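Chemist: Structure incoming, see below.
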Amino acid sequence: MRPVYIAGAAETPLGEVHDHNELSMIALAAAEALAEAGLSIRDVDGLFVNYMGEEGSVQVGEYLGIQPRYADSTDFGGAAFEAHVHKAIAAINAGFCEVALITYASRQRSRRARHREPPAGGMGVPMLQQLEVPTGLPAPIGRYALYAARHMHLFGTTREQMAEVAVASRMWAMRNPKAWSRKPLSIDQVLSSAPICDPLTRHDCCLVTDGGGAIVVTTAERARDAAKKAVRVIGAAQSQNHWLVSQMPDLDREGMPGRRCGPEAFAMAGIRPADVDVFQPYDSFTISVLIALEDLGFCKLGEGGAFAQSGALRPGGALPSMTSGGGLSYNHPGALGLMLLIEAVRQLRGEAGERQVPGARIGVAHGTGGFLSTASTVVLAND
């Protein structure tokens, strides 16, 4: 395959945005990412967008003045953006495009647009309305609360171990001036915060913010002209499994999407978990991180809680994770997967400032979507 690089990465305005709409936010991030790549909007011939409607790529393309040769608006949930990198690799190698722009923006906080249940419509949602909503199980937190309770039952995972994920993310956020939540956080504060859905409390749950970003995926030839160091994509994979929680595999069995795409991406990259210097998991909830650690082989099945409790995820730990502060403390604009890639690129470039992981050469971004329904993994290298 032709080598493929991320040559530009930028965030939109973050937090609570009132002076832009989603399209103008994307325009700002795209302009910055393309400038880093040494490219212009005229060079973009591939466009990947998610969570902005079925015609997302068409609307974004129209606003930016892009008429792409290849476009994709596949909804893979929060895992879409790592999956888009996977697709961009294929599209570039097939000759369908050379410069792929992957972008997204949301103003869910300022629009007060986050709801307990998804709206009616779409192929998957009626099944939820018919089969799970009548039980009173709120989406998405109710499903993740079930996963947490099941993990505790199967493996003896404790609330303190899950709380450690939130504390580690906050430690990183305190080093990130762009993070939404930067006050110190303790295990006791996580455990005593407002109960949301047993066993999860407020600090086990991600933020609700505005935000988004853009990355530029391109060929080695194009990346040579980048204004900043390009980061090579050495592995990528995606997987999906269930929509209804009643149809998901048990946590102690094969079949979880991350347990398939993680090892596949690592095999493509020719690495092992021990080779990873910095990890960006999708921390929608604290339990999500423990499951990701196990799925990708950073620890054995059922040992995610103990691994986190060892301090491995914190600054100076064995596996620095959520180094921006993640969805729990930095930003969560409805879909976090793109932000994971942006942070991984910055770490491998050595431009993360106070939160920089020394000598980071291999980074992994692992997105999940739905109710752990989808997963996608990207392995990046500073070579």
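The values are calculated or read from the model by the stated rules, or taken from the named source; none is laboratory data. Everything quoted here is computed from the prediction, not taken from an experiment. Note: ideal-geometry Cβ built from the backbone for every residue, glycine included; neighbour counts use all protein chains shown. Each accessible area value is taken on the protein alone, full model and side chains, heavy atoms only, with ligands, DNA and RNA left out. Shrake-Rupley method; radii C 1.70, N 1.55, O 1.52, S 1.80 Å.
Chemist: Among the residues of the range 329-343, which ones are small (Gly, Ala, Ser) and under 14 Å from Asn176 (Cα atoms)? Reasoning before the result, please.
Modeler: As a first pass, look at the range 329-343 and keep what is small (Gly, Ala, Ser): 329, 334-335, 337.
Within the range 329-343, just Ser329 meets the criteria.
Chemist: Gly305 - would you say it is farther than 16 Å from Ala344 by Cα and touching a helix residue (DSSP H, G or I) at 6+ places or on another chain (Cβ under 7 Å)? Walk me through it before giving the result.
Modeler: Details: farther than 16 Å from Ala344 by Cα: yes; touching a helix residue (DSSP H, G or I) at 6+ places or on another chain (Cβ under 7 Å): yes.
Judged against the criteria, Gly305 is a match.
Chemist: Given the condition under 26 Å from Ser373 (Cα atoms) and either crowded, with 21+ Cβ neighbours inside 10 Å or among the polar types (S, T, N, Q) (or both), answer yes or no: does some residue in the range 148-156 qualify? It would help to see each step written out before you state the result.
Modeler: The first filter runs over the range 148-156 and keeps only residues under 26 Å from Ser373 (Cα atoms), leaving 148-156.
Narrowing the set further to residues that are either crowded, with 21+ Cβ neighbours inside 10 Å or among the polar types (S, T, N, Q) (or both) leaves 148, 151.
There is at least one residue in the range 148-156 that is under 26 Å from Ser373 (Cα atoms) and either crowded, with 21+ Cβ neighbours inside 10 Å or among the polar types (S, T, N, Q) (or both).
Chemist: Quickly run through the range 277-318 and pick out the residues that are among the hydrophobic types (A, V, I, L, M, F, W, C), open to solvent by 10 Å² or more (accessible area, probe 1.4 Å) and part of a loop (DSSP other than H, G, I, E, B).
Modeler: Phe298, Cys299, Leu301, Ala318
Chemist: I would also like to ask the following. Among the residues of the range 337-369, count how many are modelled with pLDDT under 95 and either of a type in the set (A, V, I, L, M, F, W, C) or more than 12 Å from the chain's Cα centre (by Cα) (or both).
Modeler: Qualifying residue count, the range 337-369: 0.
Chemist: Anything in the range 90-106 that is open to solvent by 10 Å² or more (accessible area, probe 1.4 Å) and touching a residue at least 60 places away in the same chain (Cβ under 8 Å)? List them, or say none.
Modeler: So the first thing to find is which residues in the range 90-106 are open to solvent by 10 Å² or more (accessible area, probe 1.4 Å), and the list is 90, 93-96, 98, 106.
Asn93, Glu98, Ser106 - these are the residues of the range 90-106 that are open to solvent by 10 Å² or more (accessible area, probe 1.4 Å) and touching a residue at least 60 places away in the same chain (Cβ under 8 Å).
Chemist: Can you tell me which residue is most open to solvent (accessible area, probe 1.4 Å) among those in the range 157-180 that are farther than 21 Å from Val357 by Cβ and in contact with a Gly (Cβ under 8 Å, 6 or more places away or on another chain)? Before the answer, list the steps.
Modeler: The initial filter retains those residues of the range 157-180 that are farther than 21 Å from Val357 by Cβ, namely 157-163, 180.
After this cut, where a residue has to be in contact with a Gly (Cβ under 8 Å, 6 or more places away or on another chain) as well, the list is 157-158, 161-162, 180.
On the way: Thr157: 9, Thr158: 49, Gln161: 23, Met162: 0, Trp180: 106 Å².
Filtering the range 157-180 for residues that are farther than 21 Å from Val357 by Cβ and in contact with a Gly (Cβ under 8 Å, 6 or more places away or on another chain), the one most open to solvent (accessible area, probe 1.4 Å) comes out as Trp180.
Chemist: Which residue pairs have Cβ atoms closer than 7 Å, lie 6 or more positions apart in sequence or on different chains, and pair a first residue in the range 11-23 that is within 22 Å of Gly61 (Cβ to Cβ) with a second residue that is at pLDDT 95 or above and aromatic (Phe, Trp, Tyr)?
Modeler: These pairs meet every condition: Leu23/Tyr63.
Chemist: Restricting the range 40-85 to residues that are part of a loop (DSSP other than H, G, I, E, B) and of a type in the set (Phe, Trp, Tyr), which is nearest to Met268 (Cα to Cα)?
Modeler: Phe76
Chemist: Considering the range 72-89 alone, what residues qualify as being surrounded by fewer than 22 Cβ atoms within 10 Å (Cβ to Cβ) and either more than 16 Å from the chain's Cα centre (by Cα) or of a type in the set (A, V, I, L, M) (or both)?
Modeler: Residues satisfying the conditions are Asp72, Ser73, Ile89.
Chemist: Enumerate the helices (runs of 4 or more DSSP H) found wholly within the range 130-245, keeping only those where 2 or more residues are under 28 Å from Pro257 (Cα atoms) and either small (Gly, Ala, Ser) or in contact (Cβ under 8 Å) with a residue 60 or more places away in the chain (or both).
Modeler: Values: elements: 141-155, 159-173, 187-192, 220-223.
In the range 130-245, 141-155, 159-173 are the helices (runs of 4 or more DSSP H) which contain 2 or more residues that are under 28 Å from Pro257 (Cα atoms) and either small (Gly, Ala, Ser) or in contact (Cβ under 8 Å) with a residue 60 or more places away in the chain (or both).
Chemist: Please work out which residue is farthest from the chain's Cα centre (by Cα), limiting yourself to the range 11-39 and to residues that are crowded, with 21+ Cβ neighbours inside 10 Å and not in a helix (DSSP H, G or I).
Modeler: Per the stated criteria, the residue is Leu39.
Chemist: Return a yes/no flag: does the range 242-253 have any residue that is in contact with a Phe, Trp or Tyr (Cβ under 9 Å, 6 or more places away or on another chain), β-branched (Val, Ile, Thr) and open to solvent by less than 80 Å² (accessible area, probe 1.4 Å).
Modeler: Applying the first criterion (in contact with a Phe, Trp or Tyr (Cβ under 9 Å, 6 or more places away or on another chain)) to the range 242-253 yields 242-245, 248, 251-252.
Next, only the ones that are β-branched (Val, Ile, Thr) stay: 245.
Retained after the next criterion (residues that are open to solvent by less than 80 Å² (accessible area, probe 1.4 Å)): 245.
Yes.
Chemist: Can you work out which of the residues in the range 319-346 that are touching an Asp or Glu at 6+ places or on another chain (Cβ under 8 Å) and assigned to a helix (DSSP H, G or I) is surrounded by the fewest Cβ atoms within 10 Å (Cβ to Cβ)?
Modeler: So, considering only residues that are touching an Asp or Glu at 6+ places or on another chain (Cβ under 8 Å) and assigned to a helix (DSSP H, G or I), the one surrounded by the fewest Cβ atoms within 10 Å (Cβ to Cβ) is Ile342.
Chemist: Considering each residue of the range 347-356, count those that are open to solvent by 10 Å² or more (accessible area, probe 1.4 Å) and among the small types (Gly, Ala, Ser), and give that number. Full working, then the answer.
Modeler: Our first condition is that a residue be open to solvent by 10 Å² or more (accessible area, probe 1.4 Å); within the range 347-356, this holds for 349-351, 353-356.
Subsequent filtering for residues that are among the small types (Gly, Ala, Ser) retains 350, 353.
Within the range 347-356, residues that are open to solvent by 10 Å² or more (accessible area, probe 1.4 Å) and among the small types (Gly, Ala, Ser) number 2.
Chemist: For the range 196-234, name all the residues that are in contact with a Lys or Arg (Cβ under 8 Å, 6 or more places away or on another chain), open to solvent by 20 Å² or more (accessible area, probe 1.4 Å) and not aliphatic (A, V, I, L, M).
Modeler: Once the filter is applied, which keeps residues that are in contact with a Lys or Arg (Cβ under 8 Å, 6 or more places away or on another chain), open to solvent by 20 Å² or more (accessible area, probe 1.4 Å) and not aliphatic (A, V, I, L, M), the range 196-234 yields Lys228, Lys229.
Chemist: Same structure, new question: Could you please find all residues in the range 128-138 being open to solvent by 10 Å² or more (accessible area, probe 1.4 Å) and among the aliphatic types (A, V, I, L, M)?
Modeler: Leu131, Val133, Leu137
Chemist: Search the range 1-58 for residues being out of contact with any Lys or Arg (no Cβ under 7 Å at 6 or more places or on another chain) and hydroxyl-bearing (Ser, Thr, Tyr), and hand back the single one that is nearest to Ile215 (Cα to Cα).
Modeler: Once the filter is applied, the top-ranked residue is Thr12.
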